[in-house]
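I have placed the structure first, in the form of structure tokens, so that the comments after it can refer back to it.
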Amino acid sequence: MWLLVSMVMTAVSLCMAAWWLGTPFVRVGLTGGHARPILLIVLWPWVLAVTPLCNRCMSWHWRRRIQQLLEQADAGHYGTPQQFLAWQCVLFLISASGVALLLAGRGGPGMTALVCLAAGALAALWPVRLLRERIRRRRTDMLRAFPFLLDMVTLCVEAGLNLQGAMKQAAEKGPQGPLREEVRHLLADIRAGAPRQEALRRWAQRCDLAPIQQFVGAVAQAETSGMSLAPVLRAQADQWRTERFLHAEKQALEAPVKLMFPLIFCIFPCSFLIIAFPIATQLLALNR
């Protein structure tokens with residue numbers, strides 16, 4: 001009798017656990033406009049299930065900061081700032097639970113809790129690290145492509161096009177990369193009805209680069225004062241081409257200093273071993 005009751009209760013418990021675990025997959029879907037990594041696709045229903053809780057505890061400053069990071073990294077697959085925070089919470093819970101299971105019965109509760117919190121914190125900071133690394137790579141690519149794109153815009157303006165037409169030509173025929181995508185985003189904002197100065201300001205804010213911010217400021221000053229745009233763009237193009245050359249020269253001069261450590265601790269010992277080995281073998285043969 002008691003065996004039958006325990007079997008029934010076990011079956012009910014398993015059904016309730018399966019229903020609880022599967023509720024997020026029934027309630028939400030995996031639809032979205034951006035391609036997501038496989039781990040995010042697997043955990044996305046749980047992210048959406050935790051999002052309402054994160055929405056209540058996020059301040060506007062925190063939300064604005066995460067939104068800026070997502071825009072600068074062009075990481076639309078993370079969704080909204082609330083969903084990004086929910087993604088961090090899910091990673092925290094999964095990592096802390098996994099470490100707790102691995103350390104069960106192997107140490108004191110205080111040490112286990114500390115290790116679980118450290119593992120969860122590292123897992124929660126991992127998406128932020130990915131965002132910052134993506135932003136760094138995008139900025140490097142945009143800095144490399146900006147002088148050439150500015151030359152194209154300057155040539156088009158000097159040929160008679162307005163700034164919007166020149167930016168359109170640069171977006172169509174410029175080099176592939178994040179800067180070209182940002183220029184297309186700028187043109188899309190203008191076509192959507194945003195004022196050109198406001199669209200340029202948003203473009204500079206998304207890229208968060210000093211050359212683009214100075215370019216936007218120079219364009220705004222030229223339009224406000226009624227100056228011709230072509231000389232201003234030509235001066236900007238010459239300046240940033242020179243800056244790019246000086247930056248490359250600086251990196252070339254820093255290369256020998258950066259090579260000192262691998263030369264002294266990696267290459268030189270190996271070279272000495274290769275040279276000294278036949279000499280040592282000959283000396284040992286002569287001593288015999």
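Bear in mind these aren't lab numbers, they're just calculated from the coordinates by the rules spelled out. For clarity, every value in this text was computed on a predicted model and none was experimentally measured.
Normalised by the residues of the chain, what does the relative contact order come to in percent, with Cα pairs under 8 Å and at least six apart? Mind dumping the intermediate values first?
On the way: 195 pairs, mean separation 34.4, N = 288.
Relative contact order of the chain: 12 percent.
Counting only C-alpha contacts under 8 Å and six or more residues apart, can you give the relative contact order of segment 139-250 as a whole percent? It would help to have the intermediate numbers written out before the result.
Numbers: 92 pairs, mean separation 32.4, N = 112.
The value is 29 percent.
For a distance above 23 Å, tell me the whole-number percent of Cα pairs in segment 139-250 that qualify. Kindly include the intermediate steps, with their values, before the conclusion.
Numbers: 1223 of 6216 pairs.
Result for the distance tail: 20 percent.
Just need the Rg to Rh number for the chain, please, alpha carbons only, Kirkwood Rh. Present the calculation step by step, with values, prior to reporting the outcome.
Working: Rg = 29.2 Å, Rh = 24.7 Å.
When Rh is taken as the Kirkwood radius, the ratio is 1.18.
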